Protein chains: 2
Amino acid sequence: MAAPRDREDRKADVLAMLHARHRDAWVATASTSGAAHLVPLSYAWDGEQLVLATPRDTPTTRNLEGNGHARIGIGETRDVVMIDASLTGIADTKDVSTAVGDAYAEQADWDPRSSGSALVYLFLRPQRIQAWREANEIAGRTIMRDGVWLA
Amino acid sequence: MAAPRDREDRKADVLAMLHARHRDAWVATASTSGAAHLVPLSYAWDGEQLVLATPRDTPTTRNLEGNGHARIGIGETRDVVMIDASLTGIADTKDVSTAVGDAYAEQADWDPRSSGSALVYLFLRPQRIQAWREANEIAGRTIMRDGVWLA
């Protein structure tokens, strides 16, 4: 087992993963009646928020409209980043700036603006971020709390 | 993009993934108040049920005790198996048969019986299984419905 990473290294690894191109996130949401949903979705990172794109008429969009919260896993199951995030906005693909749309398409390698379906962007601000690889990294796994990177 | 797999091939690929050693699943559950939880957990497959092991005092266990349902992702995000499953039982590690405990330890490469913590096995029966790789496999992705493999 490798030595546990310190907080600074974990933050650097998490930011690299958030900026990585052509990756997917596992996005878990819950309905107001308490049904869990889970789906893999492409993502982009704008420096402060995770940006997802999905049809408006999906459980993910409806659940986020209902309670505003998602729990998101990225990375591999043994090199995990877990993000608890709050919805800050939903926008039709035609309503975002060119810069936002281009940045999403560049990072995700897929452009929802040209998909033909009725898609929306979901903007999610991390409230808590945890990162761990193996059992010796469970301690110290929280690197952001209440939306603030821990020093 | 590769040609879409037929149902028979998808089922074979799913069974291979369910029987694979040393893999983790992304396990999404929801609290009765509608908070989504997500965590990677090792799994085993007993031929009919997915077997997980986790401390009794975790959101996953509490949520399953509350409403009995999980949505589980295995594989990579671009070679996905999505399983909607119902809880059929929770057992203290000391209460399962040697055969069940040994089979879990063999497949998961980790033995909860010797962990020292108060762990439980969670037994989950798939109700629906979907499998897809790329956009051309979204059609036909459902290969089990109401607990029955589609013919």
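The values are calculated or read from the model by the stated rules, or taken from the named source; none is laboratory data. Everything quoted here is computed from the prediction, not taken from an experiment. Using ideal geometry, Cβ is built from the backbone for each residue, glycine included, and neighbour counts are taken over all protein chains shown. Just the protein is used for accessible areas: all its heavy atoms, side chains included, with ligands, DNA and RNA removed. Shrake-Rupley method; radii C 1.70, N 1.55, O 1.52, S 1.80 Å.
Ranked by accessible surface with a 1.4 Å probe, highest first, in what order do B:11, B:94 come? Walk me through the intermediate numbers first.
Numbers: B:11 70, B:94 155 Å².
My answer, sorted largest first, is B:94, B:11.
Summing +1 for each Lys or Arg and -1 for each Asp or Glu, what net charge is found among the other residues whose Cβ lies under 13 Å from the Cβ of residue A:96?
Working: positive: A:94, A:113; negative: A:46, A:92, A:95, A:102, A:111.
Every neighbour counted, the sum reads -3.
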### Query
Can you give the extra length, in nm with one decimal, that the chain gains between residue A:57 and residue A:21 once fully stretched, where that is 0.36 nm per residue apart less the Cα-Cα distance?
10.4 nm
### Estimated vicinal HN-Hα couplings, Hz - region A:3-18 in sequence order (Karplus 6.51, -1.76, 1.60; Gly, Pro = x)
5, x, 6, 7, 4, 4, 5, 5, 4, 4, 5, 5, 5, 4, 5, 5
### Query
So what are region A:16-118's ellipsoid semi-axes, whole angstrom, largest first, if each one is the square root of 5 times an eigenvalue of the alpha-carbon gyration tensor?
20, 18, 12
## Note on the structure
Here region A:79-94 yields Karplus 3J(HN,Hα) values (6.51, -1.76, 1.60; θ = phi - 60°; whole Hz; Gly and Pro given as x) of 8, 9, 10, 10, 10, 9, 9, 10, 5, 10, x, 10, 9, 4, 4, 7
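Percent relative contact order of chain A, based on C-alpha pairs within less than 8 angstrom and at least six residues apart? Walk me through the intermediate numbers first.
Values: 294 pairs, mean separation 38.5, N = 151.
After rounding, I find 25 percent.
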### Message
With N set to the number of residues, divide the alpha-carbon radius of gyration of region B:84-131 by 2.2 N^0.38 Å and report two decimals.
### Response
1.27
### Message
Can you compute 3J(HN,Hα) from phi for each residue in region B:30-45, using the Karplus curve 6.51 cos²θ - 1.76 cosθ + 1.60 with θ = phi - 60°, rounded to whole Hz and x for Gly and Pro?
### Response
9, 6, 5, 8, x, 9, 6, 10, 8, 7, x, 9, 4, 9, 9, 10
### Query
In region A:36-95, if every C-alpha pair distance is counted and binned at 5 Å from zero, what percent goes to each bin?
4, 14, 29, 30, 16, 6, 2, 0
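What percentage of all Cα-Cα pairs in region B:1-66 are separated by more than 15 Å? Before the final figure, lay out each step's value.
Details: 1327 of 2145 pairs.
Pairs farther apart than 15 Å: 62 percent.
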### Summary
Distances in nm between the label point of residue A:9 (7 Å along Cα→Cβ) and its equivalents in the other copies, shortest first, are 4.2
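Over the protein assembly as shown, what per residue volume does the convex hull of the Cα atoms give, in whole Å³?
Working: hull volume 41.7 nm³, N = 302.
Output value, Cα hull per residue: 138 Å³.
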### Task
Run through the other copies and list how far each one's label point is from that of residue B:114, in nm with one decimal, shortest first; the point sits 7 Å from Cα along Cα-Cβ.
5.7
### Query
Whose amide H sits under 5 Å from the amide H of residue A:128, counting only residues 5 or more places off or on another chain, with H placed in the peptide plane?
A:84, A:147
### Message
If amide hydrogens are placed 1.01 Å from N in the peptide plane, which non-local residues have theirs closer than 5 Å to the one on residue B:46?
### Response
B:51
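Give me the net charge of residue A:84's neighbourhood, meaning all other residues with Cβ under 9 Å from the Cβ of residue A:84; Lys, Arg count +1, Asp, Glu -1. Write down the numbers at each step before the final one.
Values: positive: A:71, A:128; negative: none.
Taking every other residue near residue A:84 into account, the sum is +2.
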### Task
Kindly state, to the nearest 0.05, the FRET efficiency for residue B:114 paired with residue A:134, given R0 = 22 Å and r defined as their beta-carbon distance.
0.80
### Message
At 7 angstrom along the Cα-to-beta-carbon line, where would the label on residue B:20 sit relative to the other copies? Give the distances in nm, shortest first.
### Response
1.6
